[in-house]
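Single-structure report; data block below.
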């Protein structure tokens, strides 16, 4: 990126992204988003890939959303193919915040099933935001393939993503309730309960689902 003599403020802000103090990096990201310039996009994306502080990453995402989609979208789509997990996760998160459905082809099956839970969770959220009209049932099937994965936080993220798709998830959850794996059945049942009663809470829905599965209420040969 080329900075001219009159761009001292921009140069200072860009240098601030590399500062060891999170507060300085936060202010730098805020400044770069307040006065957007296409030349800032690459440094913002690059910093997002390595930034350790959540609040700073959040501000970097906001700064990127302030820039023209024509500039940010191609750069972020390239970033989702990065070998670095945080780079993929942050790029997907930012794409979900931008919300432009042109990015939909970038949300691949490999990202939806990424071995890194943060990447997968970001991909699930992005997919629900970016999915084109009419593609929701296919996405529901793809997301349901991840049922039973991970710990509570990961399972809750997947349940929320599925629920955001609405009633199209009902048949895929019904099929998942008959899965031979108990953890898949219980996650499907908990998600189904949350869909019908959002106020029940994930913990309560999960515990109830586990009890039902343990008693043989669902599964191969169950009812």
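Quick note: the coordinates plus some simple rules give every number you see, no bench work behind them. Just so it is clear, the model here is predicted, and its values are computed rather than measured. All Cβ positions, glycine included, derive from the backbone under ideal geometry; neighbour counts span all protein chains shown.
Using 0.36 nm per residue and subtracting the Cα-Cα separation, the extra length available between residue 15 and residue 153 on full extension is 46.1 nm.
For residue 35 and residue 133, a Förster radius of 35 Å and the Cβ-Cβ distance give a FRET efficiency of 0.45, rounded to the nearest 0.05. Specify whether the C-alpha gyration tensor of segment 71-176 places it in the rounded, prolate or oblate class, a ≥ b ≥ c being the square roots of the eigenvalues: rounded for a/c under 1.5, otherwise prolate if a/b is larger than b/c and oblate if not. Cα axes put segment 71-176 in the oblate bin. Applying 1/(1 + (r/R0)^6) with r as the Cβ-Cβ distance of residue 145 and residue 8 and R0 = 45 angstrom yields a FRET efficiency of 0.30. Rounded to the nearest 0.05, the FRET efficiency derived from the C-beta distance between residue 116 and residue 164 at R0 = 22 Å is 0.55.
Principal-axis analysis of the Cα atoms of the chain puts helix 182-196 at an angle of about 80° to the longest axis. Against the set (1) -0.61, -0.79, -1.17, -1.26; (2) -0.36, -0.61, -1.01, -1.16; (3) -0.28, -0.54, -1.14, -1.40, the structure's computed log10 I(q)/I(0) by the Debye sum over Cα atoms at q = 0.08, 0.11, 0.16, 0.18 Å⁻¹ falls on (2). Distance between the C-alpha centres of segment 142-164 and segment 1-79: 31 Å, rounded to the whole angstrom. The angle between the Cα long axis of helix 22-34 and the main principal axis of the chain comes to about 80°, on a 0 to 90 degree scale. With the chain treated as a Gaussian network of Cα nodes joined by springs under 10 Å, which of 41, 71, 129 yields the largest mean-square fluctuation? Comparing 41, 71, 129 in the GNM, the peak value goes to 71. Largest GNM mean-square fluctuation across 72, 34, 191, computed for the chain with C-alpha springs under 10 Å, falls on 34. The order of the peptides 121-127, 19-25, 138-144 by mean Cβ neighbours within 10 Å, most packed first, is 121-127, 138-144, 19-25. With respect to the chain, whose longest principal axis is taken over its alpha-carbon atoms, helix 85-98 is tilted by about 90°. Extending 7 Å from the Cα toward the beta-carbon at both residue 174 and residue 70 defines two label points whose distance is 4.8 nm.
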